[in-house]
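Undergrad: Please find one structure pasted underneath; my questions will follow.
The values are calculated or read from the model by the stated rules, or taken from the named source; none is laboratory data. Model, not experiment: these values are computed from the prediction. With ideal geometry, Cβ positions are generated from the backbone for all residues, glycine too; neighbour counts draw on all protein chains shown.
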Amino acid sequence: MKWFLNTVGRKIISKTETEIDDKILEIILSRIIALSSIGGIYFGMREVRNGLTVQNENFLAFLDYANNALYLITIIILTTIAIRIVRTITSHAIETIAEKNRQNDFNQTLSPLINRIITIVVIAFSAIVVMEHFNYNATSLLTILGASSLALGLAAQDTISNMISGFIIMIDRPFRVGDRVKIPTGEAGDIYEIGLRSTKILDVDNNMLIVPNNELIKTKIVNYAYPANEIRVIVEVGVAYGSNVAQVKQVMNTIAKKHPLVLKEPVPDSFLMSFGDSALLFRLVCRVATFQDQFVVGENLRVQIYEKFNELKIEIPFPQRVIHHTYENTNALQSSSKRKKIQR
């Protein structure tokens, strides 16, 4: 059988354009020897049973147990084959959809969930088949399991809610693995894993935040990587009143345009934002390709702007306050001063 599939089978599937049939054939070939061996043993025992001239009850009981064991082994092998084949077909379909929609991480987030569901369904179906073979009433068992699942569902409402929310997140995809997000509590980090019950977020301090999926569904989340990974870098600086506004803007724009990590489009630009108490407040706006570069580029721009301002004698002032104090009643002040002298 293996030789037949390796020769005739491969010639047939080689005419197709897709690779899914090649993967299915490899799965079957990996179990074909085990299935053939089980089939040979089964037919051999049947011939032995038919050829018995003396009915030995102990030996016949042994043959019955052996047949039941072979049946269970066959079901286990067929179940593993079915799980692998269905997973292969599902993964191929998800990859095809991801390629068409240009979403390469779609398979990474959705495949684990679908694979778990497929495994549970196939194992449950196999268990029902085994029970029916051994004359166990599966209907009554399913009724008991239904009632038990209802009680379990009431007791585990939060867990089930988180699982449903996890499924919605994987379908709706408000964020993906690798995206940088900010949750309402103020923490920000990269999506590390999207699970059935919770989502793991790796923050900037390399700590793992485990957030229940139900909370993420109900709250507002800032996704810095959607729809694109480009992110804005803002540098704010104040210069002294009397500085040349055009010169300040030119210096800031030139430094941003020369930085290797700053994107050329949109063109970096600076703006006079407001008149502060002690300085003219400017803001430089540019973009970088990924949020991992945001902090480093911002720090580099600030250092270069500071050094260039010092070179060009552009002052960055510190806050100053002028206090005017006047006495409304000079005579009362003098009288109070005299009284203090007399008391001394």
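Undergrad: Just to be sure, is L202 touching a residue at least 60 places away in the same chain (Cβ under 8 Å) and not assigned by TED's automatic domain parsing to the domain that holds S270? Steps first, answer last, please.
TA: Values: touching a residue at least 60 places away in the same chain (Cβ under 8 Å): no; not assigned by TED's automatic domain parsing to the domain that holds S270: yes.
No.
Undergrad: Among residues belonging to region 164-198 that are modelled with pLDDT under 80 and touching a Gly at 6+ places or on another chain (Cβ under 8 Å), point out the one that is farthest from A289 (Cα to Cα).
TA: Filtering region 164-198 for residues that are modelled with pLDDT under 80 and touching a Gly at 6+ places or on another chain (Cβ under 8 Å), the one farthest from A289 (Cα to Cα) comes out as L196.
Undergrad: Further question: Taking only region 273-328 into account, find how many residues are among the β-branched types (V, I, T) and assigned to a loop (DSSP other than H, G, I, E, B). Explain how you work it out, then say what you get.
TA: Initial filter on region 273-328 (among the β-branched types (V, I, T)): 285, 288, 290, 296-297, 303, 305, 314, 316, 322-323, 326.
Those still in the list that are assigned to a loop (DSSP other than H, G, I, E, B) too: 290, 314, 316, 322-323, 326.
Selection size over region 273-328: 6.
Undergrad: Oh, and also: Given the options F295, F282, F271, F291, name the one that is surrounded by fewer than 13 Cβ atoms within 10 Å (Cβ to Cβ), touching a Lys or Arg at 6+ places or on another chain (Cβ under 8 Å) and not aliphatic (A, V, I, L, M).
TA: Every option except F271 fails the conditions.
Undergrad: Of the residues I33, I38, which is modelled with pLDDT of 85 or more, exposed (fewer than 12 other Cβ atoms within 10 Å of the Cβ) and under 20 Å from A82 (Cβ atoms)? Outline the logic, then answer.
TA: Working: I38 fails: exposed (fewer than 12 other Cβ atoms within 10 Å of the Cβ).
Answer to the selection: I33.
Undergrad: S126 - would you say it is outside the structural domain of I194 (by TED's automatic domain parsing) and at pLDDT 80 or above? Even if it seems obvious, please write down each step before you answer.
TA: Working: outside the structural domain of I194 (by TED's automatic domain parsing): yes; at pLDDT 80 or above: yes.
In short, yes.
Undergrad: Still on this structure: Among the listed residues S270, S243, which satisfies the condition of being farther than 30 Å from T199 by Cα, assigned to a strand (DSSP E or B), of a type in the set (G, A, S) and in contact with a strand residue (DSSP E or B) (Cβ under 9 Å, 6 or more places away or on another chain)? First the steps, then the outcome.
TA: Working: S243 fails: assigned to a strand (DSSP E or B).
Just a single option satisfies the conditions, and that option is S270.
Undergrad: Tell me which of these A240 doesn't satisfy, since it passes every other one: (1) more than 23 Å from E307 (Cβ to Cβ); (2) surrounded by fewer than 16 Cβ atoms within 10 Å (Cβ to Cβ).
TA: Of (1) more than 23 Å from E307 (Cβ to Cβ); (2) surrounded by fewer than 16 Cβ atoms within 10 Å (Cβ to Cβ), only one is false for A240: (1).
Undergrad: Moving to a separate point now. Going by the conditions given, is N6 exposed (fewer than 13 other Cβ atoms within 10 Å of the Cβ) and outside any loop (DSSP other than H, G, I, E, B)?
TA: So N6 fails the test.
Undergrad: Next question, about the same structure. I need the full set of residues from region 167-195 which are surrounded by 18 or more Cβ atoms within 10 Å (Cβ to Cβ) and either in contact with a strand residue (DSSP E or B) (Cβ under 7 Å, 6 or more places away or on another chain) or part of a loop (DSSP other than H, G, I, E, B) (or both), in order please. Lay out the reasoning, then the answer.
TA: Of region 167-195, the ones surrounded by 18 or more Cβ atoms within 10 Å (Cβ to Cβ) are 169-170, 175-176, 179-181, 183, 189-191, 194.
The answer is I169, M170, F175, R176, D179, R180, V181, I183, G189, D190, I191.
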